[in-house]
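A quick write-up on the structure given underneath.
The values are calculated or read from the model by the stated rules, or taken from the named source; none is laboratory data. Bear in mind that the values here come from a model prediction, so they are computed numbers and not experimental data. Note that each Cβ is placed from the backbone with ideal geometry, even for glycine, and that neighbours are counted across all protein chains shown.
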Amino acid sequence: MPKVSVIVPVYNAENYIEDCCENLLNQSYEDYEVIFVNDGSTDNSQKKLENLASKCDKIQIITQENQGQAMARNAGIKQSKGDFLCFVDIDDGISKEMLEKMMEAQKESDADLVWCNAYIKKNGEILGTLDETYPNVDDSQKNYVLHNASPWRKCIRRFLLENHNLYFPKLRFYEDLAVVPSYGLYTNKIYYLNEPLYTYVLHEGSTMHQKSYHQKLEDIFKSIDILSNFIEHSFYKDNIKDELEYLYIDHLLHAASLRFFEFENTEIQLDKIVEIMKLKYPLWKKNKYFKQKDWKYKLICYLFYKKKRNLLGYILKR
């Protein structure tokens, strides 16, 4: 049985498959398998995957009708054999030493979950690392919950996801935010490797950079509600109240508001965010992590909350 199962969802990704395979199959670590889940691609992704699998016994292919990234990852989890799971997005990059360094850290620390820093890349240029502007705390569990809304850049024990039913919900957008921060609630030990071993690539045409409004952006409401239920029904709910409040501020009041604000006729969605914040976190401005943010971030949140959208539009255009 392999030690690590790497799960990669694939949808119309023929242009990325070869580079992704090169990254994955040239790892300095050896004890792993790669599971590509072809989620109903209509291009040449399946043929490319089959060609690569015929040359390498580390590669497995799951082929299914298009159900979205969440269901693709779930299919990979269910077929995986590794003690640890590692999720990789097909268009991102990983260093040659990523699996080796993360599993060495796991062995030395006996952690159930190991996660690393990541580069941010756009238009071929490295913009910095993902964690350099995030709030930071010494508590490993709280630090994980604050920083991890996406499944990539981590290795987690497979049985924890299976035993606690931590599968991705059937959402098209924001499915990762719904469950990934909750991983930290079920681990005995978490280890952070402050080294950028993963490269997250920003694309203008990605889900979160749509030029036309997509109703599935409203999945943010379902997603954060699922996350809240996970946390509020956990043993640690009283220990991470501030962290959950910050996730509402960061992903709902700030990020989701900015996305809705890009489109016309989204007043209902923006008003809904304000009502949720008033109901759940009326004192959000006192959150200790929010206080660490820069003035522009704070101003954006405040103006959305106060529904000063004309002023906000003027400021954002400057």
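Some points to look at:
- Restricting the stretch 229-286 to residues that are modelled with pLDDT under 95 and among the polar types (S, T, N, Q), the residue that is nearest to TYR305 (Cα to Cα) is THR266.
- Residue check, TYR248 within 24 Å of PHE173 (Cβ to Cβ), in contact with an Asp or Glu (Cβ under 9 Å, 6 or more places away or on another chain) and either crowded, with 18+ Cβ neighbours inside 10 Å or not assigned by TED's automatic domain parsing to the domain that holds GLY313 (or both): no
- ASN117 vs. criteria among the polar types (S, T, N, Q) and crowded, with 21+ Cβ neighbours inside 10 Å: no
- Which numbered condition ALA13 misses (of (1) within 23 Å of MET102 (Cβ to Cβ); (2) in a loop (DSSP other than H, G, I, E, B); (3) at pLDDT below 95; (4) not charged (D, E, K, R)): (1)
- In the stretch 250-279, residue nearest to ASP294 (Cα to Cα) [restricted to those that are among the hydrophobic types (A, V, I, L, M, F, W, C) and within 17 Å of the chain's Cα centre (by Cα)]: ALA255
- Any chance LEU24 is among the hydrophobic types (A, V, I, L, M, F, W, C), assigned to a helix (DSSP H, G or I), assigned by TED's automatic domain parsing to the domain that holds LEU177 and within 14 Å of VAL6 (Cα to Cα): yes
- Flag if TYR119 is among the hydroxyl-bearing types (Ser, Thr, Tyr) and modelled with pLDDT of 90 or more: yes
- Each residue in the stretch 1-24 was checked for being over 17 Å from SER45 (Cβ atoms) and either of a type in the set (Phe, Trp, Tyr) or over 23 Å from the mean Cα position of the chain (by Cα) (or both), and 2 pass.
Here is a yes/no grid of residues against (1) within 22 Å of ASP92 (Cα to Cα); (2) surrounded by fewer than 17 Cβ atoms within 10 Å (Cβ to Cβ):
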position: ALA149; (1), (2): yes, no
position: ARG153; (1), (2): yes, no
position: PHE159; (1), (2): no, yes
position: PRO169; (1), (2): no, no
position: LEU185; (1), (2): no, no
position: ILE190; (1), (2): no, no
position: LEU193; (1), (2): yes, no
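- Residues of the stretch 68-114 satisfying the condition of being touching a His at 6+ places or on another chain (Cβ under 9 Å) and at pLDDT 95 or above: none
- Matching helices (runs of 4 or more DSSP H) fully within the stretch 59-175 where at least 1 residues are more than 21 Å from ASP31 (Cβ to Cβ) and aliphatic (A, V, I, L, M): 69-79, 140-147
- Of the residues making up the stretch 255-288, just one is in a helix (DSSP H, G or I) and hydroxyl-bearing (Ser, Thr, Tyr), namely SER257.
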